[in-house]
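What follows is one structure encoded as structure tokens, with my remarks underneath.
The values are calculated or read from the model by the stated rules, or taken from the named source; none is laboratory data. Computed from a predicted structure; not experimentally measured. Every residue, glycine among them, receives a Cβ derived from its backbone with ideal geometry; neighbour counts consider all protein chains shown. Calculation scope for accessible area: heavy atoms of the full protein, side chains included, ligands and nucleic acids excluded. Shrake-Rupley method; radii C 1.70, N 1.55, O 1.52, S 1.80 Å.
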Amino acid sequence: MTVSIDFPFSDLIAGYVTSYDKDKDVFTLKTSDEREFKVLISPMAYAKVIQNFDEGYPDATGSMRSMLEVDRFLFVYGVFYPDSEYFDAKQIIFAGRKKHEFVFEKQNWWINQINALGKFYLKAQFGDGEFDYRKYRTTLNLSGIQSQTSFRQETDTISRLVYGFATAFLMTGNDSFLKAAENGTEYLREHMKFEDLDEGIIYWYHGIDVNGDREEKIFASEFGDDYDAIPAYEQIYALAGPIQTYRCTGDPRIMADTEKTIKLFNEFFLDKGEHGSYFSHLDPIMLDPLSDTLGRNQGRKNWNSVGDHAPAYLINLWLATGKQEYADMLEDTFDTIAQHFPDFENSPFVQEKFYQDWTPDQTWGWQQNRGVVGHNYKIAWNLMRMQSLKSKPEYVELAKKIADLMNEHGSDRQRGGCYDVVERIVPEGEKYHRYVWHDRKPWWQQEQMILAYFILSGVIEQPLKN
């Protein structure tokens, strides 16, 4: 017996108009999974066009009905009533003023957006003065006020912000963004870096706690999944901002830090035995991936330790240097993914957690036998970027298969976007992959979905999914 919905609830529908009855003020909307909804325009309904940051409100209420042309894409927010066959529309959002227009395809749309975002971050984090990263806060309190005396700064979040500023400079040429990227890189080097002169390696602190004039380094991670260990992804993302800044400046000090961090990966995280690739964690004392002190992270490998090198820093490092050793590292990364991650005979979602010998680990922590939708999309678009460096049919085949499967199993084809974490297996008697925590859509996973379909479309010249 299925649950009967006998109460009103609000929802969103995205799709293409298939008809409009002016007399009834009703239009039909077809979603990407081929369902049609009858939409009644309520008396107080209003409309707008998608707007960019720093743009005025683009009202479309007055022309709303004349814009309901067949084959026009739009979003409609409203209410489902169990005693009505109609979806009661409260707000309509059009993708453009013209029938087949999508405003975000305009030439300067994304440049204008990144410019506005960059300016917002500069003001929010640093105020109107110099770009002093002592003012940076990983978290704010509920009122948005920064603590002035006691606070924590985390390395990977600063590095990601620096990456954003460096990328914004490359897109806009705004020197303020370059200055913010340079200052952030310098701050990371001065406060978050540890150089082991005996080993000739660099590793990066999890973060620092600042109490007045006193600064305490946090070496091992304090995140629950990685507590009291050195996770590979924290070291990986420590390089994201500096390497993107290096592409802008060519600062040789950044390259020196990078080479010594990669030496850390290759000397300590790398499995030098028959199984290859990178372990996910090191113990913080002996830098040993097989130490008993690591508990559930002992001798493990995962998507982050294998695949995240590419998007975080390695592709940009190759673009900045053209060195064959980085191309080889990229190739090994994607060959490993193509060989070990697919599990399509059992699930549309890739495997993400492994033991040393690549046996799937379906008992680890929260992940168990679950899939992160955004990681699947991330594999797809990174495979296609690698395809542009070194073409292999298995890269294209896997990327296309993931994109097709995620469109069916990981995306929301009523409202748009993709989900977060789902159960990889649908039990007998059920139809849908169950959500692990919620049906919300984290921003970063939408980013991966957009990149996957756009890059696939660009590299293999295949039309985008709806």
Once Lys and Arg get +1 and Asp and Glu get -1 on their Cβ, which of 426, 20, 248 lies farthest toward the positive end of the dipole of the chain?
20
Cα lying deepest toward the dipole's positive end in the chain, options 67, 333, 187, charges on Cβ
67
What net charge is computed for the residues neighbouring residue 268, neighbours being all others with C-beta under 13 Å from the C-beta of residue 268, Lys and Arg scored +1, Asp and Glu -1?
-3
For the chain, the percent of accessible surface on carbon and sulfur atoms (probe 1.4 angstrom, ligands and nucleic acids excluded) is 50
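With +1 assigned to the C-beta of every Lys and Arg and -1 to the C-beta of every Asp and Glu, and no other charges, what is the dipole magnitude of region 1-92 about the Cα centre in debye, to the nearest 20?
On the way: 9 positive and 16 negative charges, 30 e Å.
With Lys and Arg at +1 and Asp and Glu at -1, about 140 debye.
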Checking region 188-265 for chymotrypsin sites (Phe, Trp or Tyr not before Pro) in a loop per DSSP with at most 15 other beta-carbon atoms within 10 Å yields 219, 223, 227
Could you pull out which residues in region 374-398 have an amide N less than 16 Å from a spot 7 Å beyond the Cα of residue 324, following the Cα-Cβ vector?
390
As a percent rounded to 5, the proportion of antiparallel DSSP bridges among beta bridges in the chain is 90
Using DSSP H assignments, which helices in the chain have an axial alpha-carbon span of 20 Å or above and a mean Kyte-Doolittle hydropathy of 0.0 or higher?
109-126, 155-172, 443-460
Kindly report the accessible area of region 85-230 per residue (heavy atoms of protein chains, probe 1.4 Å, no ligands, DNA or RNA), in Å².
53
Taking the Cβ of residue 253 as the centre, find all other residues whose Cβ is under 15 Å away and add up their charges (Lys, Arg: +1; Asp, Glu: -1).
-3
5 angstrom amide H check on residue 32, placed H, neighbours 5+ away:
none
Tell me the label only: which of (1) 179; (2) 144; (3) 158 is volume of the Cα convex hull per residue in Å³ as calculated from this structure?
(1)
Sequence neighbours fewer than 8 away in the same chain don't count; with that in mind, list the aspartates and glutamates whose C-alpha is under 15 Å from residue 441.
11, 412, 420
Accessible solvent surface per residue of region 251-406, calculated while the other protein chains remain in place, 1.4 angstrom probe, Å²
38
Using the alpha-carbon centroid of each, what span in Å lies between region 151-170 and region 410-459?
27
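Only helical DSSP H runs with n ≥ 4 go in: add -39500 (n - 2.57) per run for the chain, normalise by residue count and round the 222 nm mean residue ellipticity to 500 deg cm²/dmol.
Values: 12 runs with 163 residues, N = 466.
Helices in the chain give a 222 nm mean residue ellipticity of -11000 deg cm²/dmol.
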What residue among 233, 173, 161 has its Cα farthest toward the positive end of the dipole of the chain, where the charges are +1 on Lys, Arg and -1 on Asp, Glu, each on the Cβ?
173
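How big is the charge dipole of region 326-418 about its Cα centre, in debye rounded to the nearest 20, if each Lys and Arg gets +1 on its Cβ and each Asp and Glu gets -1 on its Cβ?
On the way: 10 positive and 14 negative charges, 94 e Å.
Here region 326-418 has a charge dipole of around 460 debye.
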Would you mind getting the accessible area per residue of region 1-77, heavy atoms of the protein chains only, 1.4 Å probe, in Å²?
60
What dipole magnitude, in Debye to the nearest 20, does the chain give about its Cα centre under +1 on Lys/Arg Cβ and -1 on Asp/Glu Cβ?
1620
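Tell me which GluC sites (Glu not before Pro) from region 258-346 have a DSSP coil assignment and no more than 12 other beta carbons within 10 Å of their own. Don't skip to the end; give the middle numbers.
Values: sites: 259, 267, 274, 325, 331, 345; in loops: 274, 345.
The qualifying sites are 274, 345.
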Name all residues of region 8-27 having a backbone nitrogen under 14 Å from the label point set 7 Å from the Cα of residue 38 along its Cα→Cβ direction, giving them as ranges.
19-27
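Can you pull out the chymotrypsin sites (Phe, Trp or Tyr not before Pro) in region 366-466 that DSSP calls coil and that have at most 10 other Cβ atoms within 10 Å? Display every interim value, and only then the final one.
Details: sites: 366, 377, 381, 395, 419, 432, 435, 437, 443, 444, 453, 454; in loops: 366, 419, 432, 437.
Passing both the DSSP loop test and the Cβ count: 366, 432, 437.
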Hits among lysines - C-alpha to C-alpha of residue 106 under 20 Å, sequence gap 8 or more where chains match
48, 98, 465
Between residue 176 and residue 444, what is 0.36 nm times their sequence separation minus the Cα-Cα distance? Round to one decimal in nm.
94.0 nm
Suppose R0 equals 60 Å; then what is the FRET efficiency for residue 434 and residue 132 from their Cβ-Cβ distance, rounded to the nearest 0.05?
0.80
Relative contact order, percent, the chain [alpha-carbon distance under 8 Å, six or more residues apart]:
10
